[in-house]
Amino acid sequence: MNTEQTVLSALATITDPDIHRDIVSLGFIKDLRIQGEHVAFTIELTTPACPVREQMQEDARRVVLALPGITHVDITMTSQVRATQSAEKDKLLPLVKNVVPVGSGKGGVGKSTVSANLAIALAKLGARVGLMDADVYGPSIPILMGATIPPGPGTGKIVPPVHYGVKIMSMGFFVPKGEAVIWRGPMLAKMVDQFLGDVDWGELDYLLVDLPPGTGDVQLSLCQKIPLTGAAIVSTPQDLAFQVAEKAILMFKKLRVPILGLIENMSGFECRHCGQREEIFGSGGARRHAMANALSFLGEIPLSTDIRTSSDAGRPIVESMPDSPSARAFFRVAENLAAGVSTLNLGAAATDRPEPAEMTQPSPTEVRIVWKDGHESLYTGYVLRLACPCASCVDELSGRRRIREESISKDVRPLTMDPTGRYAIRFHWSDGHSTGIYTYEHLRASCPCPTCAGTRQMRDERTTTVAT
């Protein structure tokens, strides 16, 4: 006689290849029913775009049929996308589960084309998807998606148009043809705020953000505004392109945004007439760099005339030619991207970077941080205010401090402590100052406890000895 426990024990031999845990302990098995020789259950995956969906279903069928007396197994496959856990995200985008920026170190690598095709691919695989075009100076998503109808007014918010099953928002809807956006940093930050908070995104599993190239104001504003699930980086195959893309990787790491992986675009050209493959920009460069730097490789997209013509026509190749080799490449990347998101959200990724577990004010002029490794730091408001790293307090070129100790009140206190993305805290001080962003690394490195202070003193003494 088979029981629920014997069936679950058999299913526990199946391991999710990305999370490296069995599907029973992960809670994937739902609604298990046993009626004599018949067994039925549901496997609830963490994404409809699971790349091992069919394999997991067949493995589950095989191990249950191997039990004595079982002759029939009925398996229902469903999915429930896990959300990035963040109080800040839930305040601003309570119905959006994951925010995934797509970035690059330079322009011209096809990042917007990749973003549009990935968004449609995820939607076709069954996910609820939005696409935010944050490339203010070159907003191309409306053209790529063939979106000619602008957003409409809603109940207090802007309603984004839907094309190919994807909700879209872009500055391209608001800038008249023949005009250019000429904005400084504060305006760019305001645009990010409005696209996140003033748009009715509704319920989404994934909000992809097509970033402008480089490491500028838009990227910084986005990372500061909301904790991001993880970033995907697009690069062409050659070493020079990756050396530039690496700057985007370093930026996201510094801002504590996990890297979901690298995408190699324009990876080889295959002639449609003779079938010969030409490595115009080389191939495999992103894969090699991913392996060398312990990053995931999400896949490669070929250099294809069909991708270009379909994009120009406003029907990305995933929509216009879903069975083509190029479209299948985008689907594979989308599946790997979704798997990476699930891996992060289920806690499979670990980091040794400092992260607060609790922040309190034991008194109006003190800040107490308990770190996730159990270490405790107690700062005075005066010391923190004096250590403000903003450009008003520190010369950005020389690193020299601009403020004088006597100009700061000994009784200065933080009025609020606001998380900034995943990586820092912004204090609003009683003297009116509020522009300083204190990274967790900076706060931990300046811990005033006797142990940390003694370690810093010994390190400084060794540095002085070596210098002399």
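Within the stretch 303-335, take every residue that is open to solvent by 10 Å² or more (accessible area, probe 1.4 Å) and β-branched (Val, Ile, Thr) and give me the one that is nearest to the chain's Cα centre (by Cα).
Once the filter is applied, the top-ranked residue is ILE307.
Which of the strands (runs of 3 or more DSSP E) found entirely inside the stretch 205-302 contain at least 2 residues meeting this: open to solvent by less than 40 Å² (accessible area, probe 1.4 Å), under 29 Å from ARG128 (Cα atoms) and without any contact (Cβ under 8 Å) to a residue 40 or more places away in the chain?
Here the list reads 259-264.
Those residues that are surrounded by fewer than 24 Cβ atoms within 10 Å (Cβ to Cβ) and under 18 Å from the mean Cα position of the chain (by Cα), I need them from the stretch 130-154; list them, please.
Within the stretch 130-154, just ASP135 meets the criteria.
Suppose the filter is open to solvent by 60 Å² or more (accessible area, probe 1.4 Å), free of Cβ contacts under 8 Å to residues at least 60 places away in the same chain and over 28 Å from the mean Cα position of the chain (by Cα); does LYS30 pass it?
yes
Any residue at all in the stretch 181-194 that is touching a Lys or Arg at 6+ places or on another chain (Cβ under 8 Å) and among the charged types (D, E, K, R)?
Yes: one or more hits.
Output the strands (runs of 3 or more DSSP E) that fall wholly within the stretch 303-384 and possess 2 or more residues being in contact with an Asp or Glu (Cβ under 8 Å, 6 or more places away or on another chain), or say none.
Result: 366-371, 376-380.
Return the pair list, or none, for Cβ contacts closer than 7 Å from residues in the stretch 1-27 that are on the phi > 0 side of the Ramachandran plot to residues that are surrounded by fewer than 15 Cβ atoms within 10 Å (Cβ to Cβ) and of a type outside the set (Phe, Trp, Tyr), at least 6 apart or on different chains.
HIS20/ALA348
Give the stretch 390-416 a look and list any residue that's of a type in the set (Lys, Arg), out of contact with any Pro (no Cβ under 9 Å at 6 or more places or on another chain) and either more than 19 Å from LEU378 (Cα to Cα) or surrounded by 13 or more Cβ atoms within 10 Å (Cβ to Cβ) (or both), or say none.
Matches in the stretch 390-416: ARG400, ARG401, ARG402, ARG404.
For the stretch 131-148, which positions are outside any loop (DSSP other than H, G, I, E, B) and farther than 20 Å from ALA327 by Cα?
Within the stretch 131-148, MET132, ASP133 qualify.
Test THR47 against the stated conditions and say whether it is among the polar types (S, T, N, Q), at pLDDT below 95 and either within 27 Å of the chain's Cα centre (by Cα) or not in a loop (DSSP other than H, G, I, E, B) (or both).
Yes.
Consider MET187 carefully, then state whether it is open to solvent by less than 70 Å² (accessible area, probe 1.4 Å) and either among the aliphatic types (A, V, I, L, M) or over 16 Å from the mean Cα position of the chain (by Cα) (or both).
no
For the stretch 179-217, name all the residues that are aliphatic (A, V, I, L, M), closer than 19 Å to LEU255 by Cβ and at pLDDT below 85.
LEU188, ALA189
How many residues are of a type in the set (S, T, N, Q) and more than 30 Å from THR215 (Cβ to Cβ) if we restrict to the stretch 147-199?
So the answer is 2.
Out of the helices (runs of 4 or more DSSP H) lying entirely within the stretch 51-130, which hold 2 or more residues that are free of Cβ contacts under 8 Å to residues at least 12 places away in the same chain?
By residue number, 53-65, 87-92.
The values are calculated or read from the model by the stated rules, or taken from the named source; none is laboratory data. Bear in mind that the values here come from a model prediction, so they are computed numbers and not experimental data. Neighbour counts run over all protein chains shown; Cβ positions are idealised from the backbone, glycine included. Keep in mind that these areas ignore ligands, DNA and RNA; they rest on the heavy atoms of the full protein, side chains included. Shrake-Rupley method; radii C 1.70, N 1.55, O 1.52, S 1.80 Å.
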